[in-house]
Amino acid sequence: MIDTIRHLPGFDLAFRAVDRLARSRRMKRHLRDAAPILATPPIVPKDDGVVIFSMIGTVTLLPYLVAVKSFHHHLRMGRIVILDDGSLTEADKRILSHHCGSPAMLRLADVDTGTCPKGGTWERLLTVLDLRAHHYVVQLDSDTVTLGDMAEVRAAIAANASFILLGDPDAEEKGIQTLPDFVARRYPQGPVAGPVHMQTLVESRFAGHADAGRHAYIRGCSGFAGFARGGPSGRAEATRFSTEAARLVGKDIWWRWGSEQVTSNFLLANEPGARLLPYARYCNYWLAPLSGDERLVHFVGTHRYSDETYRRMTARAIDRLTA
């Protein structure tokens, strides 16, 4: 019966409309349940060489406060630096100043991307690469929730080693690979064509990189990443990779959303000593049931509001801040 209904004219359109409405309702409930974050104690920053960095705007103010407060609470390190996407109001800034220990606030409009793409969080990545010259920088997305002790992250910071949040369990199994090995295992059919995500298009062409055998890659997630102080990757390395990737797929494709994440993965995978966070404790939410042992969950846009998990985890994190 269900299969019959699915093939009726207009079913897909109607299903998408219902799904959008359900997601919109879940988002509103999530924001309602995130509001108590404003009653939690402010962050007391520490001048210990660690920077917790995020790019945010007015629509992500409450989720960001949940993300950064829950993270700082469990990490017990660092001070806050914010990149304003241009939408923060004066009221937003007063709230952030109170709750985040008078953080440094940078402006997206002031970030020069050079020949790299503009938008698509490239300004965020390039600012991180600038900051890492003198600080250990943790890039933290506003759609993350920290739920427990992060011994692996603190150990990476203590060793001044970069860390990577993996994209999925398969990435943990394969580990960091040379570009040719990565392509051979993930794209055995060769370069992908057609209407697919730009990340797939560029990754499937990595074997054509001008110096493929000497470089590595891993499918990570730039929503949560650690950049070691004084690490080898800076703007120059990001620009070189961006130029080569644009050659592989064309500028129009490379400038789409997602190229910043590919670049972040590439840069970190090629840093000596970079650590892979265990996926069982640091994961992206793909609708799979959570075990209860997660330390940090990244609620990627695809499934952020597919169910009530983001809302429940947000409420749990706030409860722990007020305990």
ask   = Of all residues in the range 187-226, which are within 25 Å of GLU152 (Cβ to Cβ) and open to solvent by 30 Å² or more (accessible area, probe 1.4 Å)?
value = ARG219
query = Quick check: anything in the range 200-207 modelled with pLDDT of 95 or more, in a helix (DSSP H, G or I) and of a type in the set (Ser, Thr, Tyr)?
reply = yes
task = Just one of (1) part of a helix (DSSP H, G or I); (2) open to solvent by less than 10 Å² (accessible area, probe 1.4 Å) trips up VAL137, so point out which.
result = (1)
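Check the range 236-250 and report whether any residue there is within 18 Å of the chain's Cα centre (by Cα), touching a residue at least 12 places away in the same chain (Cβ under 8 Å) and buried (at least 20 other Cβ atoms within 10 Å of the Cβ).
Yes, the range 236-250 has at least one match.
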remark   = Expected single match for within 17 Å of the chain's Cα centre (by Cα) and of a type outside the set (A, V, I, L, M, F, W, C) among THR89, THR113, THR58, THR146 is THR146
request  = Please verify whether the range 165-177 includes one or more residues that are within 18 Å of the chain's Cα centre (by Cα), assigned to a strand (DSSP E or B) and not acidic (Asp, Glu).
outcome  = yes
query = If you check HIS98 against the conditions, is it open to solvent by 40 Å² or more (accessible area, probe 1.4 Å), out of contact with any Ser or Thr (no Cβ under 8 Å at 6 or more places or on another chain), in contact (Cβ under 8 Å) with a residue 40 or more places away in the chain and part of a helix (DSSP H, G or I)?
reply = yes
query = In the range 140-154, what residues are open to solvent by 40 Å² or more (accessible area, probe 1.4 Å) and touching a residue at least 12 places away in the same chain (Cβ under 8 Å)?
reply = ASP149, GLU152, ARG154
message = Looking at the range 169-227 only, could you name the residues that are within 30 Å of GLY49 (Cα to Cα), touching a helix residue (DSSP H, G or I) at 6+ places or on another chain (Cβ under 8 Å) and among the hydrophobic types (A, V, I, L, M, F, W, C)?
response = ILE176, ALA216, ILE218, CYS221, ALA225, PHE227
request  = Hey, can you tell me all the residues within the range 118-134 that are surrounded by fewer than 20 Cβ atoms within 10 Å (Cβ to Cβ) and closer than 30 Å to ARG312 by Cα?
outcome  = GLY120
inquiry  = Restricting to the range 265-323, name every residue that is of a type outside the set (A, V, I, L, M, F, W, C), in contact with a Ser or Thr (Cβ under 8 Å, 6 or more places away or on another chain), open to solvent by less than 60 Å² (accessible area, probe 1.4 Å) and farther than 25 Å from ARG32 by Cβ.
reply    = ASN265, ASN270, GLU271, GLY273, ARG295
Selected residue (criterion: surrounded by the fewest Cβ atoms within 10 Å (Cβ to Cβ)) from residues of the range 101-117 that are in contact (Cβ under 8 Å) with a residue 24 or more places away in the chain and over 24 Å from GLY78 (Cβ atoms) = THR115
note = Expected output for the range 52-66 (first residue on the phi < 0 side of the Ramachandran plot and among the aromatic types (Phe, Trp, Tyr), partner modelled with pLDDT of 95 or more and assigned to a helix (DSSP H, G or I), Cβ below 8 Å, 6+ apart or cross-chain) is PHE53/ARG124; PHE53/THR127; PHE53/VAL128; PHE53/LEU131
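The values are calculated or read from the model by the stated rules, or taken from the named source; none is laboratory data. Remember, predicted model here, so these are calculated numbers, not experimental data. Here the Cβ is made from the backbone with ideal geometry for all residues, glycine too, and neighbour counts use every protein chain on show. SASA here: full protein model, heavy atoms, side chains in, ligands and nucleic acids out. Shrake-Rupley method; radii C 1.70, N 1.55, O 1.52, S 1.80 Å.
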